[in-house]
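Worksheet: one structure, shown below.
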Amino acid sequence: MSKSPFRFIGKHRRAVEHKRFVVGQGHFAADIQIQGMLHVALVASPYASAKIKSIDVSQALSMPGVHAVLTGQELRQHTEAMLPGVDAPQVTRYPLAFDVTRYAGEWVAAVVADSRALAEDAAEFVMVDYEQLPAVIDPQEALLPNATLVHPAHGSNVIFHRHFVWGPVDDDFSKCDHQLSYRVSWARNATVPIETFAVACQWNDSTGILDVWASIQMPKFPDQMAKALRLSGNAVRVHFDVDVGGSYGVKRGLKHSVLVGYLAKKLGRPVRLVEDRLENMRGGDMQGPDRIFDVTLGFQNNGEIKSMRMKAVDDIGAYSGRSPLQLGKPVGAIVGPYRIKSVSYDAMAVMTHKTPQEAVRGFGQAPTNYAIETGIDKVARFLQLDRIALRRLNMIGKDEFPYLIPSGTSYDSGDYDTVMTKALNAASYEELVKERDALRAAGQLAGIGISTCLEPSGGNSSFEPLFNPKNETTTWMDSCLVRVDLSGSVTALMGTSTSGQAHETMVSTVVGEVLHREPDSIRVLHADSLNALPSNSPVGSRMAIMLGGAAAGAAKKIKNKLLQIAAHNLSVSLEQLDYEGGHVQVKNEPEKKLSWDALVEIAHRKFHKLPQGMEPGLQEKFVWEVPTGGMLPTEDGRVQMYPCHSFESHVVLVSIDPGTCKVTVRKYVCGHDCGVMISPDVVHGMTYGGIAHGLGAALMEKFAFSPEGQLLAGTFMDYLLPSSAEVPAITIVDHCTPSPLTEFGQKGSGEAGYLGSPAAIASAVNDALATQGAKIDHLPMTPQAIWSALNDVKSRA
């Protein structure tokens with residue numbers, strides 16, 4: 001094994017954050033206790049679509065401990081609508097409904113009292129007179145010419161539609177030996193973190209500052225909150241040192257925070273809202289993509305796939321936040337890891353009277369990967385080719401990078417075939433086939449699943465101008481400040497919250513690597529939004545790349561300053577110096593050196609020993625732009641979406657009980673390549689979690705709605721999550737193809753596992769069902785869905 005070029009990067013190290021969580025000293029938004037704090041309970045609409053005829057708050061206001069009851073009419077007068085993400089100015093949204101409600105569970109009033117219990121009691125006495133209106137729940141029906149409109153002022157239920165054509169699609173199809181069309185659908189699911197959304201706000205009249213403690217994971221949160229509350233940007237201080245109890249996209253919470261911020265300012269008291277589970281699941285803005293794909297693949301007799309047509313219809317629910325943009329991220333990996341030369345991509349976001357959709361782990365990439373991988377398996381079955389051989393034939397080779405795909409994104413690096421081979425070897429594939437066949441012989445349905453999927457990483461802003469030309473955002477920078485104090489201790493400052501990704505561990509490792517200082521000695525702090533440098537938050541598997549790159553950049557500036565001080569005091573050029581362990585010495589003259597402590601003392605105390613023009617002290621910031629970013633899309637929608645592309649290959653064995661139709665995952669292997677891993681244990685932890693989430697999406701998790709728009713899965717009795725009984729032992733096989741675009745060769749990994757596991761598990765289930773002539777082209781593949789598929793075959797027979 002070759003020697004690692006790194007001191008600390010890639011080494012096993014306990015995460016810095018773990019200690020405070022293990023000993024019960026985490027600091028969450030629900031832990032915020034301020035003298036005089038008031039509490040909010042919500043009144044929600046029971047109807048998917050209704051006119052609010054009147055709201056009588058008199059009984060609620062008369063109850064003990066109640067301070068206020070807020071309605072949508074009042075809130076609308078004093079706040080601005082939240083931004084819709086795309087160009088749809090008539091699709092307005094406020095934290096509380098006014099005039100009409102557009103989904104069951106939409107908030108119509110907020111009760112503020114001395115305790116949550118008192119507020120909940122009073123909420124029962126807020127009398128809302130509704131007139132129920134027609135509702136449209138099915139996205140296909142929402143597209144019909146005579147469909148009920150969710151937002152009549154918008155004039156359509158389509159909030160975004162664009163048909164992209166990249167390359168000679170029609171010509172390529174005309175030259176193909178075969179075409180295969182299919183439809184697959186992906187059901188709403190979410191990460192469902194242990195912590196629901198929580199926010200506390202306090203207005204200080206003397207300073208004119210609104211302090212906010214919230215469990216957020218959202219780009220531009222302070223700016224959007226200030227805009228909605230009609231405050232200047234420097235009047236909102238978001239405390240990013242609040243621990244976030246899980247997220248992976250779903251902790252947006254803008255409407256919660258605007259509501260609580262307004263109440264805190266109005267009442268002159270600190271106010272807190274902590275969702276209960278039902279509020280979170282039916283109205284908390286945490287449900288993910290709800291997507292139907294119609295795909296046609298054009299391919300040759302030998303299995304070479306030449307072109308693809310894909311139409312994706314996403315049911316975003318009643319309002320638009322960033323949800324339509326989840327159709328945008330897949331543009332940057334629209335062909336997966338394959339050499340598909342031309343693509344037609346018809347992307348459509350549709351509104352219905354359902355709970356609004358929001359960002360969920362992968363930002364729309366996992367459904368697209370599932371749609372592509374299903375097609376690969378179907379082509380193999382059509383041509384009677386081995387699924388693995390078909391993938392090898394179509395995969396981009398390791399010597400073809402950087403590889404430009406039809407949509408304009410260049411893949412940075414990869415070795416897809418090797419990663420898949422490693423996963424197959426770790427699974428003992430030939431033995432796995434024997435085990436599957438033995439299970440079949442014993443009367444079980446059994447199947448092997450394969451998926452090979454990309455994980456775009458580095459979270460750029462490119463989908464924003466791509467989906468809204470009025471939005472000319474071309475940077476999604478991140479930043480870090482590093483300082484060395486007089487004692488020689490190192491502190492790093494970042495301007496974002498953390499929801500389990502161990503950013504403090506990552507930053508201390510990176511800074512330690514550059515400065516040759518022990519990472520455990522480096523303190524990493526979260527600045528508040530008024531003291532922080534710019535950040536775009538931990539979304540899009542971006543922080544190893546962006547925050548890691550910014551931390552390295554700031555540390556390198558410190559290191560360079562130390563070298564300049566040493567060169568000046570040792571009377572040599574920079575080229576004659578070696579930096580080792582924080583000390584500087586002259587090459588080949590080890591007696592000529594300055595220690596770390598000596599260099600630090602000169603920087604802080606001995607101005608007369610500094611090079612002319614150098615500022616005293618050791619503090620540097622670095623703001624890093626996304627590698628390959630900074631450009632607007634072309635007119636035909638070609639764009640460099642994300643800079644880096646991790647890769648994962650999954651191999652799964654499942655069995656299905658023919659009596660109960662219950663699926664058991666018997667073996668699970670994931671080959672994973674995210675470049676250089678800064679913190680391998682953290683990467684593996686996120687990958688395990690992603691696979692577990694993917695298992696839930698594939699087999700059990702679904703936010704189901706009745707034809708009338710009622711959420712049928714608002715508790716964990718109905719919304720099923722995988723437990724330790726369902727999640728198998730998982731083997732992760734690492735591979736490293738460094739990215740040429742990043743400081744250490746790292747790529748993103750925050751969405752690892754989830755982007756390929758649903759496709760692999762679906763592949764395994766369909767391999768099992770194929771022996772009976774059955775198939776399922778929708779997720780989740782529940783026992784009921786499997787029973788129906790098998791029963792359909794029997795009925796046809």
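Taking Val295 as the residue in question, decide whether it is closer than 28 Å to Trp107 by Cβ, surrounded by fewer than 24 Cβ atoms within 10 Å (Cβ to Cβ) and not assigned by TED's automatic domain parsing to the domain that holds Ala104.
No.
So, of the residues in the stretch 587-626 that are without any contact (Cβ under 8 Å) to a residue 60 or more places away in the chain and in contact with a Leu (Cβ under 6 Å, 6 or more places away or on another chain), which turns out to be most open to solvent (accessible area, probe 1.4 Å)?
Lys592
Mind listing whichever residues of the stretch 242-297 are of a type in the set (S, T, N, Q) and in contact with a helix residue (DSSP H, G or I) (Cβ under 9 Å, 6 or more places away or on another chain)?
Ser257, Gln287, Thr296
How many residues are of a type in the set (S, T, N, Q), closer than 28 Å to Met677 by Cβ and open to solvent by less than 10 Å² (accessible area, probe 1.4 Å) if we restrict to the stretch 634-657?
Qualifying residue count, the stretch 634-657: 2.
Is it fair to say Thr742 is polar (S, T, N, Q), over 21 Å from the mean Cα position of the chain (by Cα) and either under 16 Å from Glu701 (Cα atoms) or assigned by TED's automatic domain parsing to the domain that holds Pro402 (or both)?
It is false that Thr742 is polar (S, T, N, Q), over 21 Å from the mean Cα position of the chain (by Cα) and either under 16 Å from Glu701 (Cα atoms) or assigned by TED's automatic domain parsing to the domain that holds Pro402 (or both).
Ala122 - would you say it is modelled with pLDDT of 95 or more and over 30 Å from the mean Cα position of the chain (by Cα)?
Against the criterion (modelled with pLDDT of 95 or more and over 30 Å from the mean Cα position of the chain (by Cα)), Ala122 qualifies.
Could you check, for the stretch 508-520, whether at least one of its residues is at pLDDT below 95 and under 18 Å from Thr742 (Cβ atoms)?
No, every residue in the stretch 508-520 fails to be at pLDDT below 95 and under 18 Å from Thr742 (Cβ atoms).
Only helices (runs of 4 or more DSSP H) wholly contained in the stretch 333-445 count here; list those with 3 or more residues that are touching a residue at least 40 places away in the same chain (Cβ under 8 Å) and touching a Gly at 6+ places or on another chain (Cβ under 8 Å).
365-383, 387-394, 416-426
What are the residues in the stretch 761-797 that are free of Cβ contacts under 8 Å to residues at least 60 places away in the same chain and open to solvent by 70 Å² or more (accessible area, probe 1.4 Å), if any?
Answer for the stretch 761-797, where residues must be free of Cβ contacts under 8 Å to residues at least 60 places away in the same chain and open to solvent by 70 Å² or more (accessible area, probe 1.4 Å): Lys775, Asp792, Lys794, Ser795, Arg796, Ala797.
Determine whether Ser541 is at positive phi and either buried (at least 20 other Cβ atoms within 10 Å of the Cβ) or modelled with pLDDT under 95 (or both).
So Ser541 fits the description; yes.
Look through the stretch 3-54, keep the residues that are charged (D, E, K, R) and closer than 30 Å to Glu518 by Cβ, and return whichever of them is modelled with the lowest pLDDT.
Lys3
Residue check: is Asp437 out of contact with any strand residue (DSSP E or B) (no Cβ under 6 Å at 6 or more places or on another chain), in the same structural domain as Asn531 (by TED's automatic domain parsing) and more than 26 Å from Ser413 (Cβ to Cβ)?
In short, no.
Can you run down the residue pairs with Cβ atoms below 6 Å, 6 or more apart or on separate chains, where the first is in the stretch 254-271 and closer than 19 Å to Asp114 by Cβ and the partner is among the β-branched types (Val, Ile, Thr) and not in a helix (DSSP H, G or I)?
As it stands, the answer is Val260/Val199; Val260/Val271; Leu263/Val112; Leu263/Val271; Ala264/Val271; Pro270/Ile34, since those pairs meet every condition given.
Is there any pair with a first residue in the stretch 670-683 that is touching a residue at least 24 places away in the same chain (Cβ under 8 Å) and a second that is among the aliphatic types (A, V, I, L, M) and assigned to a helix (DSSP H, G or I) whose Cβ atoms are under 6 Å apart and which are 6 or more apart or on different chains, and what are they?
What qualifies is Gly671/Val419; Gly671/Ala423; Asp673/Val419; Met677/Val683; Ile678/Met506; Ser679/Met506.
The values are calculated or read from the model by the stated rules, or taken from the named source; none is laboratory data. Keep in mind it's a predicted model, so treat the numbers as computed, not measured. All Cβ positions, even for glycine, are placed from backbone atoms using ideal geometry, and neighbour counts span all protein chains on display. For accessibility, only protein heavy atoms count, side chains too; no ligands or nucleic acids. Shrake-Rupley method; radii C 1.70, N 1.55, O 1.52, S 1.80 Å.
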